[in-house]
1. Looking at segment 285-318, which of the residues that are at pLDDT below 95 and in contact with a strand residue (DSSP E or B) (Cβ under 9 Å, 6 or more places away or on another chain) is surrounded by the most Cβ atoms within 10 Å (Cβ to Cβ)?
2. Considering 158, 128, 140, which residue is under 21 Å from residue 220 (Cα atoms) and surrounded by 16 or more Cβ atoms within 10 Å (Cβ to Cβ)?
3. So which of 235, 225 is closer than 21 Å to residue 97 by Cα, in contact with a helix residue (DSSP H, G or I) (Cβ under 7 Å, 6 or more places away or on another chain) and surrounded by fewer than 16 Cβ atoms within 10 Å (Cβ to Cβ)?
4. Is one or more of the residues making up segment 37-45 modelled with pLDDT of 95 or more and surrounded by fewer than 17 Cβ atoms within 10 Å (Cβ to Cβ)?
5. Please go through segment 143-155 and pick out each residue that is over 25 Å from residue 81 (Cβ atoms), in contact with a strand residue (DSSP E or B) (Cβ under 9 Å, 6 or more places away or on another chain) and surrounded by fewer than 16 Cβ atoms within 10 Å (Cβ to Cβ).
6. Which members of segment 54-105 meet the condition of being outside any strand (DSSP E or B) and modelled with pLDDT under 95?
7. Quick one: residue 165 ticks every box in (1) in a helix (DSSP H, G or I); (2) more than 23 Å from residue 79 (Cα to Cα); (3) modelled with pLDDT under 95 except a single one, so which number is it?
8. Taking into account only those residues within segment 17-27 that are touching a helix residue (DSSP H, G or I) at 6+ places or on another chain (Cβ under 7 Å) and closer than 19 Å to residue 106 by Cα, which is surrounded by the fewest Cβ atoms within 10 Å (Cβ to Cβ)?
């Protein structure tokens, strides 16, 4: 099973943070400050310049819920609740069980906090299961959209916005206590990063809980059953390899998580709505931004690169 063709890219968009050697767009994304690490998986800012009227037809596929603040841009998404559109807004986005179709017209600035599994449970936040494949206005959970938007100066730079995001989350923690996520949840998150081909029974033994308890905890904190979380993790790692935003040294190991090529094509198509070959052949700028951020988070969490260290896909083409 080999997919070595260089991935397509959209030459009309200009990412402020530059591109990979393959021409894939990059966002500003980093680990949170140490005091936020138990609850926050990533701080990210995506700032893309595109011609007026240019439409990016792409998608999102995230394994973490997030608080997202959109400072500019015309977004449309096909959610579980139907089409959603927004200009300048603040919302809570759930983790996705499969690729969510998204269209963006023109330039945009989107920033957010990716929330670790179990953080909402520990901090008395919304149910993650209720957010899966949804985008919900912050007002639904008592958070004023205008108050949130006013915390971010449109003329600030990406690092300033990132610090403002961290301050926003610190305020939320101060209001809701500082309990950390369930240790079983934290361990299962690491298992999904390191060995997503593991069986649920093996994962339960690794977490030192019985299978039923693991299933209850994972459904509560990830919003999906353990088998779905692991299956999604395999697919996201494969997608990152295909887009050239992963460690190429892992490529063979990631391919071997699938029995054969037909297994890979079947699972990938079911989750992404297209075959691996189609995925490589069409620009995926929005999805690539989130895949690159996830791979950086994953490798840092697994201590394969230092926080803020050199990412393998930025040194040479995969």
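The values are calculated or read from the model by the stated rules, or taken from the named source; none is laboratory data. Not measured: the values here are computed from a predicted model. Quick reminder, even Gly has a Cβ in these numbers, built from the backbone with ideal geometry, and neighbours come from all protein chains shown.
1. Taking the candidates together, the pick is 307.
2. Numbers: 158 fails: under 21 Å from residue 220 (Cα atoms); 140 fails: surrounded by 16 or more Cβ atoms within 10 Å (Cβ to Cβ).
The match here is 128.
3. Values: 235 fails: surrounded by fewer than 16 Cβ atoms within 10 Å (Cβ to Cβ).
Among 235, 225, only 225 is closer than 21 Å to residue 97 by Cα, in contact with a helix residue (DSSP H, G or I) (Cβ under 7 Å, 6 or more places away or on another chain) and surrounded by fewer than 16 Cβ atoms within 10 Å (Cβ to Cβ).
4. Residues of segment 37-45 modelled with pLDDT of 95 or more: 37-45.
With the extra rule that they be surrounded by fewer than 17 Cβ atoms within 10 Å (Cβ to Cβ), the set shrinks to 37.
Yes, some residue in segment 37-45 is modelled with pLDDT of 95 or more and surrounded by fewer than 17 Cβ atoms within 10 Å (Cβ to Cβ).
5. The initial filter retains those residues of segment 143-155 that are over 25 Å from residue 81 (Cβ atoms), namely 150-155.
Then drop every residue that is not in contact with a strand residue (DSSP E or B) (Cβ under 9 Å, 6 or more places away or on another chain), which leaves 151-152, 154.
Scanning segment 143-155 gives 151, 154.
6. To start, the set of residues in segment 54-105 that are outside any strand (DSSP E or B) comprises 54, 61-64, 80-81, 87-88, 94-99.
Hits for segment 54-105 are 87, 88.
7. (3)
8. 26
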